[in-house]
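First up is the structure itself, then whatever we jot down about it.
The values are calculated or read from the model by the stated rules, or taken from the named source; none is laboratory data. Not measured: the values here are computed from a predicted model. Heads up, the Cβs are rebuilt from the backbone with ideal geometry, glycines too, and the neighbour counts pull from every protein chain shown.
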Amino acid sequence: MRSGDSPVFWKYSFDNVLIPTNGPLSEEVDRITRNGFKFFYIPVFQRQIVWDTNKFEELLLSSSNFLGHVTFCETKKDNFEHFQRRVEKIYSLIDGLQRFSVATTLLYHIYDLVLSENPKFPEKKPLFQALSYISEAYFQVIGHNYRELQTHSRLVIKNSFREFSSEMEYFLKSKLQEPGSAWAEKICSLLVARQIAPDYFSGFENEAKAAITFIGLNTTKVQLDLVDQVRSVVIERGQNTGWNPEDCDKIESAFSDVFYNDKGEPEQFYRPFMGVISECLSSENGRAPSEIFKSWNTSLEKTEVIKFCEFIKKFELIENSFVKEIYNCGDIPRAAILLRYYCEFLQSGVQPSFLSNGIDENKDLWLFLKSLYRVYLSGPNKIGRTRDIIATGTLATDIVHAEKMKSLSNRLSNEFYPGININDKIPKEVIRSKLYDLDLRRCEKIFNAEILPLNSDDVFVPLVFGKSTREGHHQVDHIIPKAQLEREKTKPGFREGNLIHNLLPWNAQWNRNHKDTPASTKFAPGGPYNNYLRSGLAIHPFVQYIQTHQQDLGEKLDNVEMLQLAHMETTAGPRVEWHVERLHRHI
C-alpha cells in the first residue's frame, strides 16, 4: 500500500523531519512540527553521501521538472534515545538520501548567504524573490535537518555530509559572485518549480524486508545491494543487543573495507555469497543466522563480525592456482569457497592452509574445479543453476567438513550428468555431443580443463584469459578469422566457425597481431603458429597438436565449409576428437 503527492523540491526537506540522534528537538522545532509532518530516520543500509557539486550542477542544468520518486517505509522501530514524542508513524528512508541532502544543504546555505536578516550577499537578495514565501519557521525545520546530518551518530553519514556541505557552500559563493541572474533563476526553479514524489509504504514485517524489496530500485543510481542489506541487518541486530554508535561505525568500516570498492560501491562478485548470508540472517530456505554468527540468538558479538570480515578479506589475494581458477569460473563458485571454509573456521577456528600458501586443500579444490569444468561443458549458462546446490552443500551440517567438497562435487556432476560421480569418467560420446555446440564463451574454461592435472599433487598453471595484451595473457583465436566468417556468413560452416571446431588459445599479443591472418598462412612453415611454438611462451597442447597434424592441409584450412561435421575426417573432425580424448582423460 502506498500514498503520496508530488511537492516542490524545497518541501522535501521541510515536510520530512529527521529524528534527532544527539539531543532532543528544540522547543521551536517541536512546536512547529506538531501537525502534518512525517518523522524518519536513516537506516543503516544507507551509505555515505556520494553527491558532489558536479552532480548538483547536472541537476540544476537538467530540463526535467520531475526529480524522481523517494521511498519511505513505515517502521515499528521506536527505541530512539532522544525522541520520546508520540507520533502516529515513523518512517525509514529507503531511497532518497542523496536528494534530501541536496535540498537540505542548498536551502541552508542559500538562507545564510542571501535570505537571512544579515546575509553575506545582501545585494543578491532580489534575485531570490521566488523564495521569499519560505518563512523563518520553515527554515527552523530545514536547519534542524541540516544539523542532524552534520552531527549524525553514524560517522560515515556525518563526515560525508560535512564534506558535501562545505563543497556546496563554496560552489554557491562562487556563483553569487558572478554577474547576472542566470544561476539564481536556476536555483529558484529547482526549489520551487520542480517536483519530487515521496512514496510512503507500509505493511512490511520489518526494515530488512523493505530493504530487500527495494534493492536495485534506487533512482539516484546509488544501487542498494545485497551487501547493503546484509550490513543493515547485522548492524541493526547489534544495535538491538547493545552496540553503541562507535561499535556500529567500527563494524561499518570493517564491512566497507572488504565488501565495497574505492568508489564506495558494493563489489558485485560478492553478490551470490551475500545472497546466501542474507538467507541465513533472514532464516529463509531452512537456514539460520547461527550458521554465520554463533552469537546471533543471544547478543551478537562485535568480535565475531570483525572476524567474519577479516576472514573474507584474506581471500582477496590468494596465489593457489586451483582457487584462482575457481574464482574465474564465476561468482557462484567463489561463494562456494568462501562459505565452505568460513563454516569450518566458525566451527573449529582453523583457517585453510592455502591462505598461507599451503596445499592441504588441493585435493578438494581439484575435485571441485573438475566438477565446475563439467558444468561448463554441459551447456551454456548452466553455472547459474549451481547456486542452490552450492549453498546447500557448503552449509550442510550432516556432512563433516573434510568431505564437503567431494560431496558437493559429486552432486554437481550428478546434476548435469545423471549417475556419474566426480571420480567416474564421462563417456566419450557424451563429451563429443557437448563439444558440437561449445561456443566461444565457454571455450576458455574448457581449454583450461584440458590442462587440469590428472591428480591434485601435480602443478596446475591455468591460462589467464583477458581482453588486455599484458604479458602472459591469452585470448581465443578464430583459426579462420572472424572477418572472413562475416564475409562468408551465408555459407555452410559459418555457425561452426564460432564453435570449438575453429578456436584455439594463444598469447593475447599474438592474437592481436594476427587476428585477420588467413588460416593457411598461420599454419604455413615460418607462419605465426609455427613461430609461436618456438617463442618460449606458455603453449596449450592443442596448439602443438593442430600445427603438427594440420599444417599440410593448405587451402582447405581457409574453407569455411570444411568446419561442418560432414567433413569430420579433414579439419574439424580431428580437432573435435582431440578435445574428446583430452577431456575424457582430464575431467
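Contact annotation: residue pairs with Cβ atoms under 6 Å, 6 or more positions apart or on different chains, pairing a residue in region 237-264 that is under 20 Å from residue 295 (Cβ atoms) with a partner that is assigned to a helix (DSSP H, G or I) and among the basic types (Lys, Arg), are 247/302; 255/231; 258/313. Checking each residue in region 151-168 for being buried (at least 17 other Cβ atoms within 10 Å of the Cβ) and over 28 Å from the mean Cα position of the chain (by Cα) picks out 165, 168.
The rows are residues; the columns are (1) touching a helix residue (DSSP H, G or I) at 6+ places or on another chain (Cβ under 8 Å); (2) charged (D, E, K, R).
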residue	(1), (2)
426	yes, no
429	no, yes
448	yes, no
454	yes, no
457	yes, yes
472	no, no
479	yes, no
490	no, no
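Step by step: first the residues of region 419-456, then only those that are of a type in the set (Asp, Glu) and over 34 Å from the mean Cα position of the chain (by Cα), then the one that is surrounded by the most Cβ atoms within 10 Å (Cβ to Cβ). Which residue is that? Selected residue: 424.
Can you tell me which of 374, 340 is modelled with pLDDT of 95 or more, surrounded by 17 or more Cβ atoms within 10 Å (Cβ to Cβ) and basic (Lys, Arg)?
Numbers: 340 fails: modelled with pLDDT of 95 or more.
Only one candidate passes the filter, namely 374.
Across region 296-320, the qualifying residues are those that are among the polar types (S, T, N, Q) and surrounded by fewer than 16 Cβ atoms within 10 Å (Cβ to Cβ), and the one among them that is farthest from residue 204 (Cα to Cα) is 303.
Return the residues of region 290-308 that are part of a helix (DSSP H, G or I), touching a residue at least 40 places away in the same chain (Cβ under 8 Å) and more than 16 Å from residue 251 (Cα to Cα); say none if nothing qualifies. Scanning region 290-308 gives a single hit, 291.
For residue 124, indicate whether it is within 16 Å of residue 172 (Cβ to Cβ), of a type in the set (Lys, Arg), assigned by TED's automatic domain parsing to the domain that holds residue 158 and touching an Asp or Glu at 6+ places or on another chain (Cβ under 9 Å). Criteria not met by residue 124. Test residue 34 against the stated conditions and say whether it is assigned to a loop (DSSP other than H, G, I, E, B), touching a residue at least 24 places away in the same chain (Cβ under 8 Å) and out of contact with any Leu (no Cβ under 8 Å at 6 or more places or on another chain). No: the conditions fail for residue 34.
So that you can scan it fast, the table gives a plain yes or no per residue for (1) more than 23 Å from the chain's Cα centre (by Cα); (2) under 19 Å from residue 355 (Cβ atoms); (3) polar (S, T, N, Q):
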site	(1), (2), (3)
286	yes, no, no
289	no, no, no
295	yes, no, yes
301	yes, no, no
306	no, yes, no
314	no, yes, no
320	yes, yes, yes
323	no, yes, no
326	no, yes, no
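For residue 388, indicate whether it is loosely packed, with under 15 Cβ neighbours inside 10 Å, of a type in the set (Asp, Glu) and farther than 15 Å from residue 373 by Cα. I'd like the intermediate steps shown before the answer.
Values: loosely packed, with under 15 Cβ neighbours inside 10 Å: yes; of a type in the set (Asp, Glu): yes; farther than 15 Å from residue 373 by Cα: yes.
Against the criterion (loosely packed, with under 15 Cβ neighbours inside 10 Å, of a type in the set (Asp, Glu) and farther than 15 Å from residue 373 by Cα), residue 388 qualifies.
Just checking, does region 65-86 include any residue being basic (Lys, Arg), free of Cβ contacts under 8 Å to residues at least 24 places away in the same chain and not in a strand (DSSP E or B)? Checked against the condition, which is being basic (Lys, Arg), free of Cβ contacts under 8 Å to residues at least 24 places away in the same chain and not in a strand (DSSP E or B), region 65-86 yields at least one hit. Checking each residue in region 245-263 for being modelled with pLDDT under 85 and loosely packed, with under 14 Cβ neighbours inside 10 Å picks out 246, 262, 263. Listed by first and then second residue, the pairs linking a residue in region 268-280 that is assigned by TED's automatic domain parsing to the domain that holds residue 312 and crowded, with 19+ Cβ neighbours inside 10 Å to a residue that is of a type in the set (Phe, Trp, Tyr) and modelled with pLDDT under 95, with Cβ atoms under 6 Å apart and 6 or more places separating them unless they lie on different chains, are 270/259.
Here are 578, 506: which of them is crowded, with 20+ Cβ neighbours inside 10 Å, without any contact (Cβ under 8 Å) to a residue 60 or more places away in the chain, under 20 Å from residue 450 (Cβ atoms) and in contact with a His (Cβ under 9 Å, 6 or more places away or on another chain)?
It is 506.
When residue 460 is tested against the conditions (1) touching a Leu at 6+ places or on another chain (Cβ under 8 Å); (2) more than 18 Å from residue 373 (Cα to Cα), the lone failure is (2).
For every residue, the table says whether it meets (1) out of contact with any Ser or Thr (no Cβ under 9 Å at 6 or more places or on another chain); (2) buried (at least 23 other Cβ atoms within 10 Å of the Cβ); (3) not in a helix (DSSP H, G or I).
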{"position": "94", "(1), (2), (3)": "no, yes, yes"}
{"position": "99", "(1), (2), (3)": "no, no, no"}
{"position": "103", "(1), (2), (3)": "no, yes, no"}
{"position": "113", "(1), (2), (3)": "yes, no, no"}
{"position": "118", "(1), (2), (3)": "yes, no, yes"}
{"position": "125", "(1), (2), (3)": "no, no, no"}
{"position": "148", "(1), (2), (3)": "no, yes, no"}
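Residue count for region 345-371, restricted to those that are surrounded by 19 or more Cβ atoms within 10 Å (Cβ to Cβ) and assigned to a helix (DSSP H, G or I): 10.
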